[in-house]
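Presented below is the structure to which this report refers.
The values are calculated or read from the model by the stated rules, or taken from the named source; none is laboratory data. On a predicted model such as this, the values are computed, not experimentally measured, just so you know. Here the Cβ positions follow ideal geometry from the backbone for every residue, glycine too, while neighbour counts run over all protein chains shown.
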Amino acid sequence: MTLVLRYAARSDRGLVRSNNQDSVYAGPRLLALADGMGGHAAGEVASKVVIAALAPLDDDEPGDDLLGQLRDAVIAGNGAISELVQSDPDLDGMGTTLTAVLFAGSRLGMVHIGDSRAYMLRNGTFTQITHDDTFVQSLIDEGRITEEEAATHPQRSLLLRALTGHEVEPRLMVREARPGDRYLLCSDGLSGVVSMETLDEAIRIPDPQACADRMIELALKGGGPDNVTVVVADVVDVDFGEDAPIVGGAAGDGSEDPPPPDSPASRASSITGPRPIPQRVEPMPQPDPRRARGNRLKALALVIFLLLLVVAAGLGTRWYVLRQYYVGEGDNGEVSVFRGVTGSVFGFDLHRKVEGSCPPGAQACEPITVEDLKVATRDVVRNGITDVDGLEGAREAIRRLRTEQTLPFCPKDTAESTTGTSTTAAPPTATSTEAPASTTVEGTPLTTPVPQPGTDCRKGQ
């Protein structure tokens, strides 16, 4: 009897995202999941490259140095990202998380970086076995916020570590594999939407494929705000094991990600990829040096082919970003037109300012700042008005802001409150020997409403 993995994998783009930037690989010896980031297509490129670097580990018997093989593959994938960024600077800022397991009989090697997660169900107890590399997790570790507060923290998506092409050391560990163990790997599209209690219920569904389907369904019922990818794998002690790898998400052919049906639940149940056919696990032959060299050549050819694909995808990313415009707040507070998309990744802006509130060559045009706008409109501009059609659409949005949302100019002379007083002296009498008396009558203060600059009016004319 031999310990083998019985596994299933699913990936879905969710109900909000227009594409799937997650990549997943599930095979007899390797389970790997990557959640890409960095723009419309760049995140997809990063996750594909890293999964492609790890995929050859599924071909050979891992041997004793599980962690060394994982670390070398991760470094190779991270290096491939660096080369792509150097060849196309517009891809700078792309990156990916990674959670992967390399299976070798009674042992599991694991590598983790980012906020994708791994869980384990053992003897009825469901636990998280990875540690998020996020800003909010660091606050939890320091005791500054609770798990409940982290779920709604405005910076809950901020990663502290990821594979971006820059030097980084992944977290590596070895675990004992026992018959009956179940492992769950997932992107934050699942863990960020579905509670730990609900995951604990769903993970107990006996069949791995049905369990993976249920996980996707739960994420979509929760709104599906992000791509969601799951791998469910059981450690079983049998003579038969699955031997056909599953490749999905951005790294797959897209067949698992068709147009959504009418409801999230029906959508989840309709996306079922082909299930691998169980095959007998044969005894592993002695290592053949010629076979190992052949595998390395095949892996190299695969990486080169994928690099050609990602270069083409990178050019598409650049084309997309350069066609986007939006209206936002410039460095000096001026309402401005930006080219690109809002936000930044690891401190790198995904946009640049192209012009202010007055188009080039405009006559008698006075620039407007965010503070010149009505109070309710200011945050809308600061967050970015992205629903515009190119440069002319952005200019038209500014024209509407100027005519419909600016405050009136403050008057030059502001009326001041005044207080009048009058004094009436008593007339002297011939018979009086005392000093003249006087009576003071205080008038009622005269007030005039004063427009408040920045709230009711704006400074200017």
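On the stretch given as the range 164-187, residues that are touching a Leu at 6+ places or on another chain (Cβ under 6 Å) and within 30 Å of Q86 (Cβ to Cβ) total 1.
Could you say whether any residue in the range 10-30 is assigned by TED's automatic domain parsing to the domain that holds L158, surrounded by fewer than 24 Cβ atoms within 10 Å (Cβ to Cβ), touching a residue at least 60 places away in the same chain (Cβ under 8 Å) and assigned to a helix (DSSP H, G or I)? No - not one qualifying residue is present in the range 10-30. Restricting the first member to the range 388-400 and to residues that are farther than 10 Å from V337 by Cα, and the second to residues that are part of a helix (DSSP H, G or I), the beta-carbon pairs closer than 6 Å and six or more apart or on different chains are V388/A394; V388/A397.
State whether one or more residues within the range 57-68 are at negative phi, in contact with a Pro (Cβ under 9 Å, 6 or more places away or on another chain) and among the small types (G, A, S). No, the range 57-68 contains no residue that is at negative phi, in contact with a Pro (Cβ under 9 Å, 6 or more places away or on another chain) and among the small types (G, A, S).
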